[in-house]
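Structure record follows, encoded as structure tokens.
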Amino acid sequence: MRHGVRIAVDPGSTRIGVALSDPSGMLATPVETVRRGDGDLDRIAELVLEHEAREVVVGYPASLSGEAGPSARRARSFAEALARRLAPVPVRLVDERMTTVTAQEQLRAGASYGRRGARGGKARRSVVDQAAAVVLLQSALDAERQTGHPPGETVGGGA
């Protein structure tokens, strides 16, 4: 397992969930939700610098058949723009099928979910976005631990 913090971003049409790992690459935790639009790449770059991340994982929503639909094409475009902004930090596209569903199920199962007032509206969507990024990153970390290889594919100018 490679040493170093990884950051995962789960880009949606209006929000981007962000999670990071510990330096040993064992555990993913939520960081924040970034509003999509002007300054989103800058904010992610700030987080990469702040946490000295070794790479960024971007969720790639391939269809269940593995085909690249409109959402997957938008994710690839976002990852390529992010890779240009972050070079030489590598950016990897990693399959994220079912991460949002898994995140919602995990949040519903959590005892404190309702007490924090995140059951509806913007607060809930923000929490789900971060949780989806956590699921994505934890899956990528687990895959690397099992195979010995970084997950997904490198995009853009990253090394």
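Filtering region 76-85 down to residues that are open to solvent by 50 Å² or more (accessible area, probe 1.4 Å) and touching a residue at least 60 places away in the same chain (Cβ under 8 Å), which residue is farthest from Gln130 (Cα to Cα)?
Looking at residues that are open to solvent by 50 Å² or more (accessible area, probe 1.4 Å) and touching a residue at least 60 places away in the same chain (Cβ under 8 Å), I get Arg84.
When Lys122 is evaluated against the numbered criteria (1) at pLDDT below 60; (2) more than 28 Å from Gly4 (Cα to Cα), which criterion, by number, is the only one it fails?
With (1) at pLDDT below 60; (2) more than 28 Å from Gly4 (Cα to Cα) applied to Lys122, the lone miss is (1).
Looking at Pro61, Pro23, Pro70, Pro90, can you tell me which residue is at pLDDT 95 or above and closer than 20 Å to Glu153 by Cβ?
Pro90
Taking only region 27-75 into account, find how many residues are out of contact with any helix residue (DSSP H, G or I) (no Cβ under 8 Å at 6 or more places or on another chain) and without any contact (Cβ under 8 Å) to a residue 60 or more places away in the chain.
The number of residues fulfilling the criteria is 23.
The values are calculated or read from the model by the stated rules, or taken from the named source; none is laboratory data. What you see is a predicted model, and the numbers here were worked out from it, not measured in a lab. Cβ atoms come from the backbone with ideal geometry, glycine included; neighbour counts cover every protein chain shown. The protein model used for the area step is the full one, side chains on, heavy atoms only, and it has no ligands, DNA or RNA in it. Shrake-Rupley method; radii C 1.70, N 1.55, O 1.52, S 1.80 Å.
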